[in-house]
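The values are calculated or read from the model by the stated rules, or taken from the named source; none is laboratory data. Predicted, not measured: the structure shown is a model, and the values here were computed from it. Virtual Cβ from ideal backbone geometry, glycine too; neighbours counted across all protein chains shown. Please note that ligands, DNA and RNA were not included when accessible areas were found on the heavy atoms of the full protein model with its side chains. Shrake-Rupley method; radii C 1.70, N 1.55, O 1.52, S 1.80 Å.
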Amino acid sequence: MDERFDVPSLLDELTLEEKASLVSGSGFWWTRRIERLGIGSIQVSDGPHGLRKQERRGDHTGSGDSVPATCFPTASALASTWDRDLVREVGVAIGEEARAQGVAVVLGPGINLKRDPRCGRNFEYLSEDPVVAGELGAAMVHGIQSQGIGTSLKHFAANNQETDRLRVSADIDERPLRELYLGGFERVVRDAGPWTVMCSYNRINGVYASQDPWLLTEVLRGEWGFDGLVVSDWGAVDDPIAAVAAGLDLEMPSTGGASARRIAAAVAAGELDENVLDVAIGRLLQLIGRTMPAVEAGGDLRATEHHALARRAAADAVVVLRNDRDLLPIELAAGRIAVIGAFAAEPRFQGTGSSKVNPLRVDDALTELRRAVAPGVEVTYAPGFGIDDPSADLAGLREEATATATGADLVVCFLGLPPSYESEGYDRDHLDLPAEQVALLDAVAAANDQVVVVLANGGVVAVSEWEQRAGALVEAWLGGQAGGGGVVDVLVGAVDPAGRLAETIPRRLADVPSFANFPGEDRHVRYGEGLFVGYRHHDAVEGPVAYPFGHGCSYTTFAWSDLAVEVLDPTSGGASSWRGDDLVRVRATVANVGERPGRAVAQLYVGRPDAPVPGPPRELRDFAKVALAPGEAAEVTFHLRERDLSVWSPRAAGWVRHPGAVEIAVGASSRDLPLTATVEVPGLPVQLDLDRHSTLAEWLDHPVGHEVLVEAFRRSPAGDLTPLLDDPDRRRMLGSFPLARLVTMLGADGERDVVADLLAQPDA
Ligand code: BGC
């Protein structure tokens, strides 16, 4: 860290007005400068899949100019790689470009959970699972920050929809909030230490994230140890005084001095403690000190290398959903391939909004396929539809496409969502492809039954209605500027498909667990599905899905064997940590039993079937990507720590590991788990504090309360009531009665004595 600032003496020299001015930005992208004290200004830029550095007019809608930069695959694509090393490499490259452009902080990664596939910004988010989002988010932060450039982990927190995003209250129960919606953020903060966190626009349980002391101070800093700066999302602050008081350090963008005036007045009036302001300024100076050395050193853009990396990442993100008739890889030596679909020539490679990169170049799949096929293969093309073009002659385009498909040895159909379908700022209201594309597929498939469909979309689309018309189905996401080459690498088998779904593809929208609770009404959205998000729901109800979480085909075949599970006795690592000693160590072997090299993604799921609190049947806890030559096998080791086996207990206000069975499952997706085992782990039963409202069942479950209650029942004025407890059916039926009401009803009275007796026990 750069030691350029003597913070205490600067704080002495700054006037109140100067201090107040520093906690909001200058213009759209800069922090404020105080020339006379040598406090420089730093520039921040979006993020998250490439740089959007603006030199002239600033905007956060993606409409204005920005300096050309490498556009890497968007987050939903990157997440499908399940590859920490690759995501880190992409982070390093983005960090290098930031250095080269003099940008101090990249506004990303965005790791909000994909609660509902309709969220318009899902292309910018990683996964429906907090472990995938957290692990890959941490890899991105490590990569960017290794270059001396800061990151901004966003949008903290529970920004899971675009509808009404500046106002809506995400109303979430404590357990899903802690386990899912904060889970990924906690992992990145603890494991990677981002230099900034960006608070979200929305409210959480009624409180604006930008003004929530519980979120920004108690949890983020107090519990997780975050030591960086909290910046607001652009325009997220409703009340700047409440925001600073809650732990927000930098309001963006500039408010033209309005916030500074209000904050200075609040301090002068004794309504805001000046120390709070000093702490925020200390964090800003720390950020400047952390980033200035790299910004001053600069660097090279390395455009050629980054394009090659973008292509590798795009290829690794491709998920081959189905390859029934072995249409892939394309190994034709002679003949004709018909390429249909406008996305082949006019690729959709990123989303719309603040993340929109001005790419250094763009490759299209049509050109790349022509380059990649054998010399004797002809590639013909027909667009088949217009992208967001209401004036397109659909019948004419369809006819031309059908003629092109007729007689071809293979048809590759590039379908997907037009830009108008998904964007920052609004959500979808269905998951369908445009009707003209489905009609095109119908016509083409009727003319030729050798059809491969390749999809370009940021959020998932429903495929069940039409996918049987294709022999193979490939999800290529929004693959960045080199996405055209990346998907061709997979189509022709230069790269084995190693992408796996980081989100479920539901059969239809109505199967989505948040279906009826999205996007809410009257400024509230209720997260009524609780913990049962994505596969957690589909697996709990054993409902059909189009393609399950974790799924993806390879051109080779993997076999799973030799599951070994050891329960250890860890000496370190509390419930807050994923990095303490192992509590359970799981080993499994995966072998490539096919003919081609390939990469497996080994996934470890855990279930707690007899836990006293309900939960999903299985949850991902770890994963590993393994490259294997034909005939090769590798042993994978997974580590389960205290936290991996714990749940958040609202009553105990902490993480609790219940004793009992742990179901371990290892395999290739949440629905393909060939290796399973059950082990018993020790744990600490939750010691609930008993009172007169505690139920009979809670009293009986409590080690001390049990004895006290039995004794009280024995000497009750209404006679010995303990036989009641011996009858399992009556005991069960009465189990939910609070003590006070039960004893009164039984005519036993004396409830106060029972509680008093309990409190007199040394261990209670
Ligand atoms: C977005 C952020 C982005 C910011 C600056 C906001 O509208 O939500 O993700 O970083 O604008 O462009």
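Residues in the stretch 206-265 that are within 16 Å of the ligand (Cβ to nearest atom), in contact (Cβ under 8 Å) with a residue 60 or more places away in the chain, over 30 Å from Trp655 (Cβ atoms) and not polar (S, T, N, Q): Trp234, Gly235, Leu250, Glu251, Met252, Pro253.
Of the residues screened, Gly543 is not one that is of a type in the set (Gly, Ala, Ser) and within 19 Å of the chain's Cα centre (by Cα).
Among residues of the stretch 382-405 that are on the phi > 0 side of the Ramachandran plot and touching a residue at least 24 places away in the same chain (Cβ under 8 Å), those with a beta-carbon under 8 Å from a residue that is part of a helix (DSSP H, G or I) and small (Gly, Ala, Ser) at least six positions away or on a different chain give the pairs Gly384/Ala342; Gly384/Ala401; Asp388/Ser420.
Residues are listed down the side, and each one gets a yes or a no for (1) assigned to a loop (DSSP other than H, G, I, E, B); (2) open to solvent by less than 20 Å² (accessible area, probe 1.4 Å); (3) away from the ligand (no atom under 16 Å from the Cβ); (4) at pLDDT 95 or above:
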residue: Asp65; (1), (2), (3), (4): yes, no, no, no
residue: Pro73; (1), (2), (3), (4): yes, yes, yes, yes
residue: Glu89; (1), (2), (3), (4): no, no, yes, yes
residue: Ala100; (1), (2), (3), (4): no, no, yes, yes
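For the stretch 46-63, a residue qualifies if it is touching a strand residue (DSSP E or B) at 6+ places or on another chain (Cβ under 8 Å) and either within 8 Å of the ligand (Cβ to nearest atom) or modelled with pLDDT of 80 or more (or both), and the qualifying residues are Asp46, Gly47, Pro48, Gly50, Leu51, Arg52, Lys53, Gln54, His60. Checking each residue in the stretch 170-211 for being acidic (Asp, Glu), closer than 16 Å to Lys154 by Cα and in contact with a Lys or Arg (Cβ under 8 Å, 6 or more places away or on another chain) picks out only Asp191. Candidates Leu628, Leu620: the one that is under 30 Å from Tyr555 (Cα atoms), more than 26 Å from the chain's Cα centre (by Cα) and open to solvent by less than 20 Å² (accessible area, probe 1.4 Å) is Leu628. Any residue in the stretch 103-110 that is within 25 Å of Thr163 (Cβ to Cβ), over 14 Å from the mean Cα position of the chain (by Cα) and buried (at least 24 other Cβ atoms within 10 Å of the Cβ)? Yes, there is a match, as at least one residue in the stretch 103-110 is within 25 Å of Thr163 (Cβ to Cβ), over 14 Å from the mean Cα position of the chain (by Cα) and buried (at least 24 other Cβ atoms within 10 Å of the Cβ). Criterion applied to Leu78, Leu11 was being open to solvent by 10 Å² or more (accessible area, probe 1.4 Å) and assigned to a helix (DSSP H, G or I), and the one residue passing it is Leu11.
Going by the conditions given, is Asp389 under 30 Å from Gly58 (Cα atoms), surrounded by 19 or more Cβ atoms within 10 Å (Cβ to Cβ) and among the acidic types (Asp, Glu)? Against the criterion (under 30 Å from Gly58 (Cα atoms), surrounded by 19 or more Cβ atoms within 10 Å (Cβ to Cβ) and among the acidic types (Asp, Glu)), Asp389 does not qualify. Here Ile241 meets the list (1) open to solvent by less than 10 Å² (accessible area, probe 1.4 Å); (2) assigned to a helix (DSSP H, G or I) almost entirely, failing just condition (1). Scanning the stretch 199-212 for residues that are of a type outside the set (Gly, Ala, Ser) and part of a loop (DSSP other than H, G, I, E, B), we see that the one that is most open to solvent (accessible area, probe 1.4 Å) is Asn205. Restricting the stretch 35-45 to residues that are within 13 Å of the ligand (Cβ to nearest atom) and open to solvent by less than 10 Å² (accessible area, probe 1.4 Å) leaves a set whose member that is farthest from the chain's Cα centre (by Cα) is Gln43.
In summary, Ala69 fulfils each of the numbered conditions (1) more than 16 Å from the ligand (Cβ to nearest atom); (2) open to solvent by less than 20 Å² (accessible area, probe 1.4 Å) with the single exception of condition (1).
The residue that is farthest from Val231 (Cα to Cα), counting only those in the stretch 137-163 that are more than 16 Å from the ligand (Cβ to nearest atom) and of a type in the set (A, V, I, L, M), is Ala139. Only residues that are outside any loop (DSSP other than H, G, I, E, B) and open to solvent by less than 10 Å² (accessible area, probe 1.4 Å): list them for the stretch 345-366, please. Residue satisfying the conditions is Ala365 alone.
Within the stretch 173-198, restricting attention to residues that are open to solvent by less than 10 Å² (accessible area, probe 1.4 Å) and in a loop (DSSP other than H, G, I, E, B), the residue that is farthest from the ligand (Cβ to nearest atom) is Leu182.
Only one residue in Arg657, Arg692, Arg671 is in contact (Cβ under 8 Å) with a residue 60 or more places away in the chain and out of contact with any strand residue (DSSP E or B) (no Cβ under 8 Å at 6 or more places or on another chain). Which one?
Working: Arg657 fails: out of contact with any strand residue (DSSP E or B) (no Cβ under 8 Å at 6 or more places or on another chain); Arg692 fails: out of contact with any strand residue (DSSP E or B) (no Cβ under 8 Å at 6 or more places or on another chain).
One residue alone meets the criteria, Arg671.
Table: residues versus (1) crowded, with 24+ Cβ neighbours inside 10 Å; (2) among the aliphatic types (A, V, I, L, M); (3) in a helix (DSSP H, G or I).
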site	(1), (2), (3)
Thr304	no, no, yes
Arg312	no, no, yes
Ala315	yes, yes, yes
Val320	yes, yes, no
Ile330	no, yes, no
Val339	yes, yes, no
Phe343	yes, no, yes
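Give Val276, Val295 a once-over and let me know the one that is within 23 Å of Gly91 (Cβ to Cβ) and assigned to a helix (DSSP H, G or I). Only one candidate qualifies: Val295.
Within the stretch 112-122, is there a residue that is assigned to a helix (DSSP H, G or I) and under 22 Å from Gly520 (Cβ atoms)? Quick ask: steps written out before the conclusion?
Within the stretch 112-122, the subset assigned to a helix (DSSP H, G or I) is 122.
From what's left, under 22 Å from Gly520 (Cβ atoms): 122.
Yes: the stretch 112-122 contains one or more residues that are assigned to a helix (DSSP H, G or I) and under 22 Å from Gly520 (Cβ atoms).
Exactly one residue out of Glu17, Glu89 is of a type in the set (Asp, Glu) and farther than 30 Å from Gly499 by Cα, and it is Glu17.
Counting the residues of the stretch 539-552 that are touching a residue at least 40 places away in the same chain (Cβ under 8 Å) and either crowded, with 23+ Cβ neighbours inside 10 Å or in a loop (DSSP other than H, G, I, E, B) (or both) gives 8. Return a yes/no flag: does the stretch 290-313 have any residue that is under 28 Å from Ala157 (Cα atoms) and within 16 Å of the ligand (Cβ to nearest atom). No - not one qualifying residue is present in the stretch 290-313.
Take the residues in the stretch 19-34 that are among the small types (Gly, Ala, Ser) and open to solvent by less than 30 Å² (accessible area, probe 1.4 Å); name whichever of them is farthest from the ligand (Cβ to nearest atom). The extreme case among them is Ala20.
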